[in-house]
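First the structure, in the form of structure tokens, and then the observations on it.
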Amino acid sequence: MSEAVVRVTGFRKTYGSVVAVDEISFDVRDGEIFGLIGPNGAGKTTTLECVEGFRTPDRGTISVLGLDPFRDAYKLQARIGVQLQQAQLQKRIKVWEAVHLWAALYRRETADGERLLEQLGLADKRNAWFMTLSGGQKQRLFIVLALINDPELVFLDELTTGLDPQARRAIWDLVRGIRERGKTVFLTTHLMEEAERLCDRVAIIERGRLVDIDAPEALVRRHCPQRTVILTTDDAAAETRFGAIPRVEAVVRQGSRYTIRGHGDDFVTAVIRCLSEANISVDDFRTVHPTLEDVFLQLTGHSIRD
Amino acid sequence: MLRGLWRLTWLEIKIFLREPLGAIGSVIVPVVLYVVLGRVMGRGATLDPVASEFMRVGVPVLVAVTIGLSAVLSLITIISIYRESGILKRLRATPLRPWTILTAHVLVKLIFTAATVSLMMLAGRRYYPADLDIPVVSFTLALLICTFSIMSIGFVIASVVPTARFAQPIAGAIFYPMIGLSGLFFPIALMPAGLQAVTRILPVTHAVSLLRGILQGNAWSAHVTDLAALAVVFVVCTALSARIFRWE
């Protein structure tokens, strides 16, 4: 049992006549990586910025580390680390100067900036101007700055947008590293793969509403019970056998390749049992598991990329 | 928080010096111009009483106002660039307060202004009549008071101006008429009565009047109205900008 680090209750925010976020409630627990996921414009950044204390909710309450993020903004900022979407620094500030400056802004004991630079692979860039850094290097520098005050809670907004897959993977490892240090991470992303690989729990929001919230695997189990097995076999009796598997929905044959669709957690086991009981030898066997992407499609009726 | 202020100020000085034309544009060009003008005009200064008065009072006030104005304009531009590019937004997510950021930039501007003026004084010494005595301490103090007051109007503009592209025209539209009406170029006494009333409520008029008076050797007590006006402007504008400061 872990306590709530962030508690959002009945939160609503409008801009003029546009409802950005409508009646959202959720908790972020101590020590977890929590992801707010949804397409661009779903209300992720609005929610995050209210939790960070940059905006005030129109309705509802938000509590972060037991504080009101807007009223106690300065008190809170000392205890959180923030990485913003599309932030910049002075063009000609050097990497080490930025770290040095940030360290001076906090009253409390700060983390070792040089070590952070090393951990984030920026040690050889410490004398480089901000404007000369690549997108990935800038993001890593912003992570260093978000961690410089040794915060209890770290906010990461669209962390890996615009990065190549390799840089993305490296950043994921870093975020896991933050969790290993006992900190709580609250991130937003529109990349389902990122949410699935990184987050302990995710909240899916769409058009300002919370659609569902749980661990990624639990969401998949709940909303996408379909399982697919793809195998190849030359056994002539295979097709009728497969059709008799419990909870099977479809068997599609292309030459010696079979795609068997069914649902339920034990569907794959049922396929394996069928193969062994009927003594069917297979060349190739793989299962296709639904992903968060499928959950999103299922819950909202459209793909996140639309 | 003072640690943050000093470090930010020092950093901004370094960053400013890294800008192409940073130091050259703000320090070296004005000094060189001043020396060239001094060479051209300074020769006859001791002979002609009108030219002498111009050299003694007109030039320093003109120079002070021009440098002060360019400092204010560049403050507004820098803050608007910081706002537009998201630097302010990132700084907001720290315990840093808006006044610390503004103060750091004012300090940077003051340091470069002081460097420019000192260099000018050193370089311009031999073009001045030998018997000229400038009340350096009083004039510096008066200049600081005027700078803070005018700078505070800059705060208000800098607090809200959305993009760097608007910063210069908006600031220009506010400051150039004030300077035009300040009595710097055209005697206030010769203006129509209505316009004279307008000039009296403009802070730059009081700044020019104070600088001129101190250079002419007036006592501070002769400029109580100017000092009060500049103080009111400073207090009101600083309070206002703290209220309306926008991070993004």
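The values are calculated or read from the model by the stated rules, or taken from the named source; none is laboratory data. Predicted model only: the values in this text are computed from it and were never measured. Cβ sites come from the backbone with ideal geometry, for glycine too, and all protein chains shown count toward neighbours.
Brief remarks follow.
- Flag: A:Ala4 does not match the condition of being in contact with a helix residue (DSSP H, G or I) (Cβ under 7 Å, 6 or more places away or on another chain) and farther than 12 Å from A:Leu210 by Cβ.
- Top-ranked residue in segment B:207-228 [being surrounded by 14 or more Cβ atoms within 10 Å (Cβ to Cβ) and among the β-branched types (Val, Ile, Thr); ranked as farthest from B:Gly183 (Cα to Cα)]: B:Ile214
- The set of residues in segment A:71-95 that are outside any loop (DSSP other than H, G, I, E, B) and either over 24 Å from B:Tyr82 (Cα atoms) or within 11 Å of chain B (Cβ to nearest Cβ) (or both) comprises A:Ala73, A:Tyr74, A:Lys75, A:Leu76, A:Gln77, A:Ile80, A:Gly81, A:Val82, A:Gln83, A:Lys94.
- Residue match in segment A:37-51 (condition: within 9 Å of another protein chain (Cβ to nearest Cβ), hydrophobic (A, V, I, L, M, F, W, C), touching a Lys or Arg at 6+ places or on another chain (Cβ under 7 Å) and within 25 Å of B:Arg97 (Cα to Cα)): no
- If the condition is being of a type in the set (Gly, Ala, Ser), surrounded by 16 or more Cβ atoms within 10 Å (Cβ to Cβ) and under 18 Å from the mean Cα position of the chain (by Cα), then segment A:206-239 contributes only A:Gly208.
- Subset of segment B:93-103 that is buried (at least 22 other Cβ atoms within 10 Å of the Cβ) and assigned to a helix (DSSP H, G or I) - its residue that is nearest to the other protein chains (Cβ to nearest Cβ): B:Ile101
- Condition met for A:Ile62 (surrounded by 21 or more Cβ atoms within 10 Å (Cβ to Cβ), within 18 Å of A:Phe155 (Cβ to Cβ) and more than 9 Å from chain B (Cβ to nearest Cβ)): yes
- Close pairs from segment A:160-179: first of a type outside the set (A, V, I, L, M), partner in a helix (DSSP H, G or I), Cβ under 6 Å, at least 6 apart: A:Thr160/A:Arg168; A:Thr160/A:Ile171; A:Gly162/A:Gly135; A:Trp172/A:Leu198
- Condition check for A:Thr46: among the β-branched types (Val, Ile, Thr), surrounded by fewer than 21 Cβ atoms within 10 Å (Cβ to Cβ) and at pLDDT below 95: no
- Unique match (being basic (Lys, Arg), away from chain A (no Cβ under 14 Å) and part of a helix (DSSP H, G or I)) among B:Lys89, B:Lys109: B:Lys109
- Of the residues making up segment A:101-132, those that are farther than 23 Å from A:Arg168 by Cβ and either more than 12 Å from chain B (Cβ to nearest Cβ) or charged (D, E, K, R) (or both) are A:Arg107, A:Arg108, A:Glu109, A:Ala111, A:Asp112, A:Gly113, A:Glu114, A:Arg115, A:Arg126, A:Asn127.
- Of the residues making up segment A:238-293, those that are aromatic (Phe, Trp, Tyr) and in contact with a Leu (Cβ under 6 Å, 6 or more places away or on another chain) are A:Tyr258, A:Phe285.
- Taking the numbered list (1) away from every other protein chain (no Cβ under 13 Å); (2) surrounded by fewer than 16 Cβ atoms within 10 Å (Cβ to Cβ); (3) closer than 15 Å to A:Asn149 by Cβ in turn, A:Asp68 passes all entries but (3).
- In segment B:147-176, the residues that are more than 18 Å from B:Asp226 (Cβ to Cβ) and aliphatic (A, V, I, L, M): B:Val156, B:Ile157, B:Ala158, B:Val160, B:Val161, B:Ala164, B:Ala167, B:Ile170, B:Ala171, B:Ala173, B:Ile174
- Yes/no for A:Ala98 being within 26 Å of the chain's Cα centre (by Cα), under 14 Å from B:Leu91 (Cβ atoms) and more than 8 Å from every other protein chain (Cβ to nearest Cβ): no
- For B:Met121: the one exception among (1) within 14 Å of chain A (Cβ to nearest Cβ); (2) part of a helix (DSSP H, G or I): (1)
- Boolean, B:Gly172 is assigned to a helix (DSSP H, G or I), closer than 25 Å to B:Val137 by Cα, more than 14 Å from chain A (Cβ to nearest Cβ) and out of contact with any Pro (no Cβ under 6 Å at 6 or more places or on another chain): no
- Taking segment A:272-302 as the range and being among the hydrophobic types (A, V, I, L, M, F, W, C) and within 36 Å of the chain's Cα centre (by Cα) as the test, the residues that pass are A:Ile272, A:Phe285, A:Val288, A:Leu292, A:Val295, A:Phe296, A:Leu297, A:Leu299.
- Segment A:168-182, residues that are closer than 18 Å to A:Leu84 by Cα and over 13 Å from the mean Cα position of the chain (by Cα): A:Leu174, A:Ile178
Each row is one residue, and each column tells you yes or no for (1) of a type in the set (D, E, K, R); (2) in the same structural domain as A:Gly35 (by TED's automatic domain parsing); (3) modelled with pLDDT of 90 or more.
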{"residue": "A:Ile230", "(1), (2), (3)": "no, no, yes"}
{"residue": "A:Thr240", "(1), (2), (3)": "no, no, yes"}
{"residue": "A:Ala250", "(1), (2), (3)": "no, no, yes"}
{"residue": "A:Ile260", "(1), (2), (3)": "no, no, yes"}
{"residue": "A:Gly264", "(1), (2), (3)": "no, no, no"}
{"residue": "A:Phe267", "(1), (2), (3)": "no, no, yes"}
{"residue": "A:Asp306", "(1), (2), (3)": "yes, no, no"}
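- Strands (runs of 3 or more DSSP E) (entirely within segment A:159-239) containing at least 3 residues that are farther than 22 Å from A:Cys50 by Cβ: A:226-232
- A:Ser303 being hydroxyl-bearing (Ser, Thr, Tyr), in contact (Cβ under 8 Å) with a residue 12 or more places away in the chain and surrounded by fewer than 17 Cβ atoms within 10 Å (Cβ to Cβ): no
- Scanning segment A:96-124 for residues that are part of a loop (DSSP other than H, G, I, E, B) and of a type in the set (Lys, Arg) yields A:Arg107, A:Arg108.
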